[in-house]
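Trainee: Let me begin by handing over the structure; questions about it come next.
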Amino acid sequence: MDLCAGGDHELDCLSDFTLTVTLTKKGLANTDKVIDACFKYIQRLKEVGPQQWVFDETKKVGTISFDFSEKGDPMSYAVKLARVMPHFSTPDALQHVIRHGYIADDYKPEILTQVVDVLAEP
């Protein structure tokens with residue numbers, strides 16, 4: 001019914017990647033098949049390699065999401081920004097702190113390859 005994936009950086013030395021799948025009753029009865037399909041897709045990503053067009057489309061969607069994001073609780077927003085600010089150590093980098101969760105600026109296929117290699121390990 002739903003698939004959501006994403007990563008987060010809690011500390012300089014720790015990141016996580018979460019894949020959330022919301023299943024129908026039939027899917028719940030076939031969780032092994034669902035898990036197998038997820039890993040087959042990751043393997044396919046490894047075989048095909050990073051695609052510039054996927055990055056470009058993701059960047060466009062992120063820009064739209066950022067431009068039209070709804071205002072939330074100011075205190076929660078301030079805490080969220082304070083939590084990620086240490087990752088932006090230079091004034092040049094700090095200018096991206098507000099939009100970093102929405103938009104990736106640089107296409108770095110070598111990093112994408114490294115991540116998929118880790119996820120595809122047996």
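Trainee: Test of understanding: ordering Asp36, Asp106 by Cβ neighbours within 10 Å, fewest first, what list do you get?
Mentor: Asp106, Asp36
Trainee: Rounded, prolate or oblate for region 15-69? Axes are the square roots of the Cα gyration tensor eigenvalues, ordered a ≥ b ≥ c, and the cut-off for rounded is a/c under 1.5.
Mentor: Oblate, because a/c is 1.5 or more while a/b does not exceed b/c.
Trainee: On to the next question. Which whole-Hz ³J(HN,Hα) couplings does region 91-108 yield from phi under the Karplus relation 6.51 cos²θ - 1.76 cosθ + 1.60, θ = phi - 60°, glycine and proline marked x?
Mentor: Karplus values, whole Hz, x for Gly and Pro: x, 4, 6, 4, 5, 9, 4, 6, 9, 4, x, 10, 10, 9, 8, 10, 7, 10.
Trainee: Can you list the HN-Hα couplings for region 113-122, worked out from phi with the Karplus curve (6.51, -1.76, 1.60; θ = phi - 60°), rounded to whole Hz and with x for Gly and Pro?
Mentor: Per-residue couplings from phi come out as 4, 4, 5, 5, 4, 5, 5, 8, 4, x Hz.
Trainee: What ³J(HN,Hα) values, in whole Hz, does the Karplus curve 6.51 cos²θ - 1.76 cosθ + 1.60 give for region 42-56 when θ = phi - 60°, with x put for Gly and Pro?
Mentor: 4, 4, 5, 4, 5, 5, 7, x, x, 10, 4, 5, 5, 4, 4
Trainee: While we're on this one: Once the dipole of the chain is set up with Lys and Arg at +1 and Asp and Glu at -1 on Cβ about the Cα centre, which of Val61, Val79, Val118 lies farthest towards its positive end?
Mentor: The residue sitting farthest along the positive end of the dipole is Val61.
Trainee: How many lysine pairs in the chain, separated by 8 or more positions in sequence or lying on different chains, have Cα atoms less than 24 Å apart?
Mentor: Going through the chain pair by pair, I get 15.
Trainee: As I understand it, the dipole of the chain uses +1 on the Cβ of Lys and Arg and -1 on the Cβ of Asp and Glu, about the Cα centre. Which of Tyr107, Ser89, Leu3 lies farthest toward its positive end?
Mentor: Checked the options; the winner is Leu3.
Trainee: Right, here's the next one. Please tell me the relative contact order of region 1-65 in percent, rounded to the nearest whole number, where contacts are Cα pairs under 8 Å and at least six residues apart.
Mentor: 22 percent
Trainee: Okay, next question. Before anything else, pin down the relative contact order of the chain: Cα pairs under 8 Å, at least 6 apart, normalised by residue count, whole percent. Spell out each step's value before the answer.
Mentor: Working: 71 pairs, mean separation 33.3, N = 122.
Worked out over the chain, it gives 27 percent.
Trainee: Can you tell me the dipole magnitude for region 2-119 around its Cα centre, using point charges on the Cβ only (Lys, Arg +1; Asp, Glu -1), in Debye to the nearest 20?
Mentor: 420 debye
Values quoted throughout were computed directly from the atomic coordinates according to the rules given, and no laboratory measurement underlies them. It should be emphasised that the depicted structure is a prediction, and the values quoted were computed from it without experimental measurement. Please note: Cβ atoms are built from the backbone with ideal geometry, for glycine as well, and neighbour counts cover all protein chains shown.
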